[in-house]
Amino acid sequence: MKRPGTLAALVLAAGASRRFGGDKLSAPLDGEPLLFHAIRAARAAPVARVLVVARPGLDCGAWPEGPPVEVLRIDSHALSESLKAGIAALDEAEQVFVFLGDMPRVPHGTASQLASAIGGGVAALPRHGGRPGHPALLSSRLFPEIAALTGDQGAGRLLRDRLRLGLDDVVFVESDDAAIHLDIDRPEDLSALTNRPVRPSPGT
């Protein structure tokens, strides 16, 4: 049974890292594994719990304070499988933030802005320069459609379909930070981030 108003965060971290040429989520950035930055962003969201969907053997850290961090191990690199497994495990939540493990510079205040903006929408996304980014906040109304995804399809396909149909239940929050688009695909992408800090949340 869903608990009214319950929000949770999902961090997808089961990909194969083929373009990186190795285990990119364990690659160091600012003295800690790349994945830890995404987990920190998820824990900064207004959530009761954080779930990391990870491949076997990936170090997801220890997080003794703040929202508890749980780890769900799956042996599949397909985006749809990670998303479906995470959503199924968080099925009691009314809304779920989806973070990507290879996006370390997501502004920590973005999730709260999405939670304030979603209202009765099925999803809320940050947008910069006309392009939507991450994290995505998904309503439980989308969960049945997510359960039917296959292969490397993610929730983005479902939301694009709604927009093409002229539905107005996807909410966008304008962002001035291009980091909502910034993911790490190759080693040079990681090197370029060494001197780019996370923007603090408003008021900190």
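All of the numbers you see were taken from the coordinates with simple rules; none came from a lab. Computed from a predicted structure; not experimentally measured. Here Cβ is always computed from backbone atoms with ideal geometry, including for glycine, and neighbour counts include all displayed protein chains.
Miscellaneous remarks
- Residue ranges 102-109, 175-182, 64-71 sort as 102-109, 175-182, 64-71 when ordered by packing (mean number of other C-beta atoms within 10 Å per residue, highest first).
- Simple point charges give the picture: +1 on the Cβ of Lys and Arg, -1 on the Cβ of Asp and Glu, and for the chain a dipole about the Cα centre of about 220 debye.
- Top positive-direction residue, dipole computed over the chain with Cβ charges, set 82, 187, 151: 151
- Helical content alone sets the calculated 222 nm signal of the chain at -6500 deg cm²/dmol, taking -39,500 (n - 2.57) per DSSP H segment of four or more residues and averaging over every residue.
- Over the chain, relative contact order from alpha-carbon pairs under 8 Å, at least 6 apart, %: 25 percent
- Label sites at residue 163 and residue 176, each approximated as a point 7 angstrom past Cα along Cα to Cβ, lie 2.3 nm apart.
- Counting other Cβ atoms within 10 Å as a rough exposure proxy, the listed residues 150, 110 run 150, 110 from fewest neighbours to most.
- Mean Kyte hydropathy of 1.6 or more with a Cα span along the axis of at least 18 Å, helices from DSSP in the chain: none
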